[in-house]
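Below is one structure; the comments refer to it alone.
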Amino acid sequence: MTTRAADLTTLRVGGEIATFVEVSTESDFIAALGKFPDALVVGGGSNLLFVGGRCERPLIKVSTSGIAHEVDACSGATWTVSAGENWDDFVLATIKAGCAGLETLSGIPGTVGASPIQNIGAYGTELTASVARVRVFDRKSGEVRTFAAAECGFGYRTSLFKKEVDRFAVLEVTFQLRVGEMSNDVTYPELAAELKINVGERAAVTAVRAAVLKIRARKGMVLSDDDTDTWSAGSFFINPTLPASQIPAGAPVWEQEDGRVKTSAAWLIEKSGTSKGERFGNAAVSSKHVLALTNTGNASSEEIIEAARTICARVEQSFGITLQPEVRIVGAQL
């Protein structure tokens, strides 16, 4: 049976995979990496765009499973999770077990193994706040290694594992969470408004999760087989971080510790002439969220990448700012 990239990614585009291996145990995962040292590793496929026809690189789909946790009266709860576990299922499990810390990351598609690579974040929280350590297979040395959180090189939507994505394959992630039914301080204004609380206040973790899922659904960021407006890879571009002098007048800004400021990719995209719902053949900008590029049902990978290039060119021409992809692109350059 032929496996296509379109069957493995949330954008649902991409051609045939020449060599496909699915692994369900850690030992099989390591063995597959040894057999195919240049393989692409895929979890949920929610942050990938395969461009072109047949993919000649071997592909390993990680379907490993296992969740274990311990509670300590002093240090809280420690959760160790296999790379192939579904991220949102894990978040829900922590909430049901009476733990706090990941509730604002509810609804993010993909697997646990992908989460530290991207240092996923949403609604005022980044993964780095809860990670204790990451176990990986080092394809360069052929060894299993463990990185403490401080060694992971976490930054805005990046990590050591993203910078060396073809070297390190995540096996499992260990999280340190607080035991409690109340969330951390809600710092994101949109989320606070949804919860009807003030910024800086707390709410029940169950209420925060429900509010986050509601907001994400409004933005078309909860995957649905029946709604092509959700057939995307989430936010396609990252918010640029630049010297303050390069930020356009009127653009939103968030000061960073290094003295630079972060601005909104969505603002830049809209102000340079791209609108929600705009079509690029069978690809489109989401009707709900300008950062997401969607497959309207019959899009090709080439249509998706050309849409992204057009949007980048508009921003470059209008503001002199080069957008960077949040999505990993295989087989082409943006």
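The values are calculated or read from the model by the stated rules, or taken from the named source; none is laboratory data. Predicted, not measured: the structure shown is a model, and the values here were computed from it. Neighbour counts are summed over all protein chains in view; Cβ atoms, including those assigned to glycine, are modelled from backbone coordinates with ideal geometry.
The set of residues in the range 252-299 that are within 21 Å of D227 (Cα to Cα) and surrounded by fewer than 19 Cβ atoms within 10 Å (Cβ to Cβ) comprises S275, K276, G277, E278, R279, G281, N282, S287, K288, T296, G297, N298.
The rows are residues; the columns are (1) more than 22 Å from A204 (Cα to Cα); (2) in contact with an Asp or Glu (Cβ under 6 Å, 6 or more places away or on another chain); (3) surrounded by fewer than 16 Cβ atoms within 10 Å (Cβ to Cβ).
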residue	(1), (2), (3)
G45	yes, no, no
V51	yes, no, no
R54	yes, yes, yes
K61	yes, yes, no
D72	no, no, yes
G76	no, no, no
A114	yes, no, no
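Filtering the range 6-25 to residues that are farther than 21 Å from R309 by Cα and either surrounded by 20 or more Cβ atoms within 10 Å (Cβ to Cβ) or basic (K, R) (or both) leaves L8, I17, F20, V23. Being among the small types (G, A, S) and in contact with a helix residue (DSSP H, G or I) (Cβ under 6 Å, 6 or more places away or on another chain) is the filter; apply it to the range 152-168 and report the residue that is nearest to L33 (Cα to Cα). The residue in question is S159.
You will find that of G124, G153, G142, the residue that is surrounded by fewer than 18 Cβ atoms within 10 Å (Cβ to Cβ) and more than 29 Å from E255 (Cβ to Cβ) is G142 and no other. When every residue of the range 62-80 is checked against the conditions, none turns out to be under 18 Å from S301 (Cβ atoms) and not polar (S, T, N, Q). Restricting V21, V71 to those that are farther than 28 Å from D227 by Cα, assigned to a strand (DSSP E or B), touching a residue at least 24 places away in the same chain (Cβ under 8 Å) and in contact with a helix residue (DSSP H, G or I) (Cβ under 6 Å, 6 or more places away or on another chain) reduces the list to V21.
Given the criteria assigned to a loop (DSSP other than H, G, I, E, B) and out of contact with any Ser or Thr (no Cβ under 7 Å at 6 or more places or on another chain), does G53 qualify? Here the answer is yes, as G53 does meet what is asked. When the residues of the range 179-206 are filtered to those that are in contact with a helix residue (DSSP H, G or I) (Cβ under 6 Å, 6 or more places away or on another chain) and free of Cβ contacts under 8 Å to residues at least 24 places away in the same chain, the one that is surrounded by the fewest Cβ atoms within 10 Å (Cβ to Cβ) is V199.
For G66, the stated conditions do not hold, so it cannot be described as out of contact with any Leu (no Cβ under 9 Å at 6 or more places or on another chain), under 30 Å from A284 (Cα atoms) and either modelled with pLDDT of 95 or more or surrounded by fewer than 20 Cβ atoms within 10 Å (Cβ to Cβ) (or both). Farther than 27 Å from I269 by Cα and either modelled with pLDDT under 95 or not assigned by TED's automatic domain parsing to the domain that holds V81 (or both) - does that describe any residue in the range 157-165? Yes - at least one qualifying residue is present in the range 157-165. Name every residue in the range 125-150 that is of a type in the set (S, T, N, Q) and closer than 28 Å to R178 by Cα, in order of residue number. Within the range 125-150, T125, T128, S130, T146 meet the criteria.
Of the strands (runs of 3 or more DSSP E) lying entirely inside the range 234-309, those containing at least 2 residues that are more than 20 Å from G15 (Cβ to Cβ) are 253-255, 261-263, 283-285.
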